[in-house]
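The values are calculated or read from the model by the stated rules, or taken from the named source; none is laboratory data. If you're wondering where the values come from, they're calculated on a predicted model, not measured in any experiment. Reconstructed Cβ throughout: ideal geometry from the backbone, glycine too, with neighbour counts over all protein chains shown. Ligands, DNA and RNA are stripped out before the accessible areas are found, and what is left, the full protein with its side chains, is counted by its heavy atoms. Shrake-Rupley method; radii C 1.70, N 1.55, O 1.52, S 1.80 Å.
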Amino acid sequence: MIDAKLLPLQRRLLAAPARLLVARGIGADEISIAGFCLGLLIVPALWLGQYHTALVILALNRLADGLDGAVARQVGPTDRGAFLDICLDFLFYALLPLGFALADPAQNALYAALLIASFVGTGSSFLAFAAIAAKRGETTKAYPHKGIAYLGGLTEGAETIAIFALMCLFPAGFPLLALLFALACALTTFVRWRMGWQAFTMLKTEKDL
């Protein structure tokens, strides 16, 4: 919901670090892979109840996710990089609920499953829209520098990271936070279905005319 407003600030903050990485010959794909490998550690950290460590891992993973894009903009983005970035992001989002489920299966497993299921809805609607929009040559004006057509919604990246941070800070509240965010993701999914249905129906009608 607020990603488009935060992106200009993010780009300004990460431009200088990105230049240093480019000068040292570190590419965007390397940053993406390194950030994801680090992000994998969030599962054992949560499983062992090391919630503050998990919060640090979350922050570093998201920093890498921002830096890979900043580096790509300086050296030239690639389709491979965009593909890698979105694949790793979506898998990482499922790791945190998994970690909480392992930490306390009796209390957290059901809510973790609900949250992951809601991510399937947001992720599939997001990617389905991007795939069809790309075939039709469509882009998203609010996200002109994204590697794919980017469909926003109530629960975007910023909101997801914020709720993840709250879960790490207040682990006892995971069931409630997961339930509330799963409902918000469900609403996002329905809104995206409606937006995609309307957008592609309009395009088809205009093409037929």
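The figures follow:
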read-out: Rounded accessible area of I132 (nearest 10 Å², 1.4 Å probe); value: 60 Å²
read-out: Rounded percent of accessible protein surface that carbon and sulfur make up, the chain, 1.4 Å probe; value: 71 percent
read-out: Modelled FRET efficiency - R0 41 Å, C37 with R12, Cβ distances, 0.05 increments; value: 0.90
read-out: Area of S118 that stays accessible when all protein chains are in place (1.4 Å probe, Å², to 10); value: 10 Å²
read-out: Value of relative contact order over segment 56-134, rounded to a whole percent, pairs C-alpha under 8 Å and six or more apart; value: 18 percent
read-out: Inter-probe distance in nm under a simple model that places probes 7 Å from Cα toward Cβ, at A128 and L179; value: 2.8 nm
read-out: The chain: calculated mean residue ellipticity at 222 nm from DSSP helix runs of at least 4, using -39500 (n - 2.57); value: -28000 deg cm²/dmol
read-out: Derived scalar couplings ³J(HN,Hα) [segment 104-114; Karplus, 6.51 cos²θ - 1.76 cosθ + 1.60; whole Hz; x for Gly, Pro]; value: 8, x, 4, 8, 10, 4, 4, 6, 5, 5, 4
read-out: In order through segment 67-80: 3J(HN,Hα) via Karplus (6.51 cos²θ - 1.76 cosθ + 1.60), integer Hz, x for Gly, Pro; value: 5, 5, x, 5, 5, 4, 5, 7, 9, x, x, 10, 4, 4
read-out: Surface per residue (accessible, 1.4 Å probe) for the chain, Å²; value: 55 Å²
read-out: More than 20 Å apart - percent of Cα-Cα pairs taken over the chain; value: 60 percent
read-out: Longest site-free stretch - the chain; sites: trypsin sites (Lys or Arg not before Pro), DSSP loop, at most 11 other Cβ within 10 Å; value: 25-140
read-out: Residues F83 and R19, FRET efficiency given R0 of 25 Å [Cβ-Cβ distance, rounded to 0.05]; value: 0.50
